[in-house]
Amino acid sequence: MKISNVSYTTIITFILFLITWKVAAGESKVIWENTDKYTDVRAGNEHRKNFRDGVFDKFEKHFAALSKKLPDGQLLKIKVTNVDLAGDVRFDTMDRIRVIRDIYIPRMAFSYQLLNADKSVIDSAEVDLKDMTFMVSTPSRYKNKSLGYEKHMLDEWFKDTFTHKS
């Protein structure tokens with residue numbers, strides 16, 4: 001099959017755009033420390049390890065999405081030391097279910113470093129997040145999402161912490 005020069009130019013331009021687009025955003029790296037000591041990453045009826053791994057994966061993806069808002073070449077390194085999901089797991093007859101009530105607030109403790117492309121530290125801190133008003137302060141667009149209360153809490157922290165640094 002013969003491809004014209006215009007097609008080659010279009011393909012090369014598109015590939016360069018994709019490469020540039022990927023590099024044109026910040027990145028994140030998440031480390032989970034002493035996960036067996038976390039306050040609450042308990043499953044309802046799901047397999048405990050699968051649930052925990054799924055929660056960590058969702059948080060890693062959320063941190064990655066937030067980091068894309070950072071300037072080119074920046075890296076957000078997160079070391080999570082505690083997670084306490086919104087709600088509490090209770091037994092209901094034979095089933096375990098997560099009950100969401102305002103007394104079971106979401107919490108997350110971690111430290112972070114924001115690094116420049118040359119690996120110099122721009123900012124770092126220990127963070128102890130909690131959202132005591134999560135039942136009323138979380139917008140409805142988060143409420144039907146998996147880990148919605150926690151994601152909203154992280155979004156607010158990110159906005160408050162990094163908006164002036166971007």
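In the context of the full protein assembly, VAL136 retains an accessible surface of approximately 120 Å², using a probe radius of 1.4 Å and ignoring ligands and nucleic acids.
Surface calculation, 1.4 Å probe, protein heavy atoms: GLU33 sits at approximately 70 Å² accessible. Around the amide H of ILE122, modelled in the peptide plane, lie the amide H atoms of LEU114, LEU115, ASN116, all under 5 Å away and 5 or more residues distant in sequence or on another chain.
The values are calculated or read from the model by the stated rules, or taken from the named source; none is laboratory data. Note that the structure is predicted; figures quoted are calculated from it, not measured. Keep in mind that these areas ignore ligands, DNA and RNA; they rest on the heavy atoms of the full protein, side chains included. Shrake-Rupley method; radii C 1.70, N 1.55, O 1.52, S 1.80 Å.
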